[in-house]
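Okay, structure first, notes after.
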Amino acid sequence: MTEIPKLEVAIELLHAALHHYYVDERYFAAVQCAGAAEELLGKYVELEGGESAFESLNRGARRIYKALNDGKESSKERYDLCDELPKERDKTHGQ
């Protein structure tokens, strides 16, 4: 099997996302394809010294948290708690 460059995969996913959104009106499929494309393209941006969309949002969320919590950084314990909340929700809803 021929290896396909990740950039080519990312571009195909981005085209699929746009098609799902504008032509098919399949919004969940569009979001999934766009997210996968962003993850791959974000790696290329970071390799070139830029900041990916994910890292930009992550940094912004940390700044907001800090501003709302008297300048305190988010602790690892709080991060771990946030990571556990969806898992607990899934348990209670039988997923």
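The values are calculated or read from the model by the stated rules, or taken from the named source; none is laboratory data. None of the values given here were measured: they were computed from a predicted structure. Counting neighbours? That spans all protein chains shown, and the Cβs are built from the backbone with ideal geometry, glycine included.
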Result of the Cβ filter at 8 Å on region 57-78, keeping first residues that are part of a loop (DSSP other than H, G, I, E, B) and partners that are among the basic types (Lys, Arg) and at pLDDT below 80, at least 6 apart or interchain, is none
Within region 59-86, tally of residues that are closer than 24 Å to Gly35 by Cα and modelled with pLDDT of 85 or more
5
Output for Cβ contacts, cut-off 6 Å, separation at least six or different chains, first residue within 14 Å of Lys6 (Cα to Cα) and without any contact (Cβ under 8 Å) to a residue 40 or more places away in the chain in region 29-42, second outside any helix (DSSP H, G or I) and not acidic (Asp, Glu), reads Gly42/Ser52
If we keep just the residues of region 1-32 that are over 22 Å from Ser52 (Cβ atoms) and at pLDDT below 95, which is nearest to the chain's Cα centre (by Cα)?
Glu3
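Based on what the data block shows, is Ala53 among the hydrophobic types (A, V, I, L, M, F, W, C) and at pLDDT 95 or above? Break it down stepwise before answering.
Details: among the hydrophobic types (A, V, I, L, M, F, W, C): yes; at pLDDT 95 or above: no.
It is false that Ala53 is among the hydrophobic types (A, V, I, L, M, F, W, C) and at pLDDT 95 or above.
Suppose we filter region 1-28 for residues that are surrounded by fewer than 10 Cβ atoms within 10 Å (Cβ to Cβ) and either in contact with a Pro (Cβ under 6 Å, 6 or more places away or on another chain) or not aliphatic (A, V, I, L, M) (or both); how many remain? Break it down into steps so the answer makes sense when it comes.
Step one: of region 1-28, the residues surrounded by fewer than 10 Cβ atoms within 10 Å (Cβ to Cβ) are 1-5, 22-23, 25, 28.
Those still in the list that are either in contact with a Pro (Cβ under 6 Å, 6 or more places away or on another chain) or not aliphatic (A, V, I, L, M) (or both) too: 2-3, 5, 22, 25, 28.
Total meeting the criteria: 6.
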